[in-house]
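Here's the structure, in structure tokens; my notes come after.
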Amino acid sequence: MTSVSFIELSGEFEARDGFFVELPFSESTTEIIKELYRFCAGFSEEAEYEQLTDRIGLLRNNLCKLYSEYKTNFRGIIYVQERITAHVLRYFIKEELNKEMSPGAPAFRCGILYASSSPASASFRTTKKKQESVIAKFSTGELNLLISTSISEEGMDVPTANSVIRFDPIQTPVSYIQSRGRARQEDSYFSVMNQANSKKVEQFEQAQVKQREHMKNYVEQFSGMTMQCGASMPAAHASPSPPVTPPQYPTPPPMTPPQYPTPPPMTPPQYPT
């Protein structure tokens, strides 16, 4: 199993019987450390927690490999299901992975993107203004890695990426198609790190194939209807028909105003003196 040291930051956690328990927080304990504990303590079984650490270790390996391939051209999106997971992963990448890869300039400059309608926790939230700032910085290259919920799958003007990673299981075929479509640059990379037994990638790919077949059949049927409607019309390459000559009507005689007789002059009436 790949060990992940971010779980043991600052002595805030202690392993007992293979699981982590809370130690008293000090005044210097940061909010992200507290959220890390709450996040880890939310797993009801140790197997679930170990699966998370395995995935984080795999994420680390994937990001290192991708950065070595794309270098400064790297532009990636990590999709997560929960808002707080985005904060946890950003902390891991910023405090662990960047320091491990490049002690100087950070290899990964992360931004977080999720709906501003509800917070990730009592301590972490975002705003619409922050959303717009993150997208703008990702567009210019100031940020090269987005950690996002499904909000950026559609309906947001998010620039294309060359690396898309699904950290959590995909929930719907539409989500699969839309997130995969974010990796639109040439020679892009798409990875699914975790799958639900009832929602495997193969099933989503089959659904995508069926969708394309339905669309193809629809287009063919529509094209056939168009050809039937236009069967009696002359072909585009046929000789053009002669110009239509408008009918010729005789010129009407000029209009003569009616002649009325001149009335007699008016004689004023004569009254007796």
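In this structure, Pro250 does not satisfy being modelled with pLDDT of 75 or more, of a type outside the set (Gly, Ala, Ser), part of a loop (DSSP other than H, G, I, E, B) and open to solvent by less than 80 Å² (accessible area, probe 1.4 Å). Within segment 63-77, at least one residue is among the hydrophobic types (A, V, I, L, M, F, W, C), part of a loop (DSSP other than H, G, I, E, B) and touching a helix residue (DSSP H, G or I) at 6+ places or on another chain (Cβ under 8 Å).
For beta carbons closer than 6 Å, sequence separation of 6+ or different chains, a first residue in segment 149-171 that is among the acidic types (Asp, Glu) and a second that is at pLDDT 85 or above and surrounded by fewer than 22 Cβ atoms within 10 Å (Cβ to Cβ), the qualifying pairs are Asp168/Val80; Asp168/Gln81.
Within segment 178-192, if we keep just the residues that are of a type outside the set (D, E, K, R) and in a helix (DSSP H, G or I), the residue that is least open to solvent (accessible area, probe 1.4 Å) turns out to be Ser179. Restricting the first member to segment 88-111 and to residues that are open to solvent by 30 Å² or more (accessible area, probe 1.4 Å), and the second to residues that are among the charged types (D, E, K, R), the beta-carbon pairs closer than 7 Å and six or more apart or on different chains are Arg109/Glu142. Considering only residues that are of a type in the set (Gly, Ala, Ser) and surrounded by fewer than 18 Cβ atoms within 10 Å (Cβ to Cβ), look in segment 57-87 and name the one that is farthest from Ala183 (Cα to Cα). For segment 57-87, the residue satisfying everything is Gly57. For Glu132, work out the one condition from (1) surrounded by 14 or more Cβ atoms within 10 Å (Cβ to Cβ); (2) within 28 Å of Val174 (Cβ to Cβ) it doesn't fulfil. Tallying (1) surrounded by 14 or more Cβ atoms within 10 Å (Cβ to Cβ); (2) within 28 Å of Val174 (Cβ to Cβ), Glu132 fails exactly one: (1). Please tell me if Leu52 is under 27 Å from the mean Cα position of the chain (by Cα), at pLDDT 90 or above and not basic (Lys, Arg). No.
Residues of segment 122-177 being closer than 21 Å to Tyr70 by Cβ and assigned to a helix (DSSP H, G or I), which ones? If the condition is that a residue be closer than 21 Å to Tyr70 by Cβ and assigned to a helix (DSSP H, G or I), then Val134, Ile135, Lys137, Phe138, Ser139, Thr140, Ser152 are the ones that fit. Going by what's in this entry, would Ile84 be described as part of a strand (DSSP E or B) and of a type outside the set (S, T, N, Q)? In short, no.
The values are calculated or read from the model by the stated rules, or taken from the named source; none is laboratory data. Since this is a predicted model, take the numbers as computed values, not measurements. Cβ atoms come from the backbone with ideal geometry, glycine included; neighbour counts cover every protein chain shown. SASA here: full protein model, heavy atoms, side chains in, ligands and nucleic acids out. Shrake-Rupley method; radii C 1.70, N 1.55, O 1.52, S 1.80 Å.
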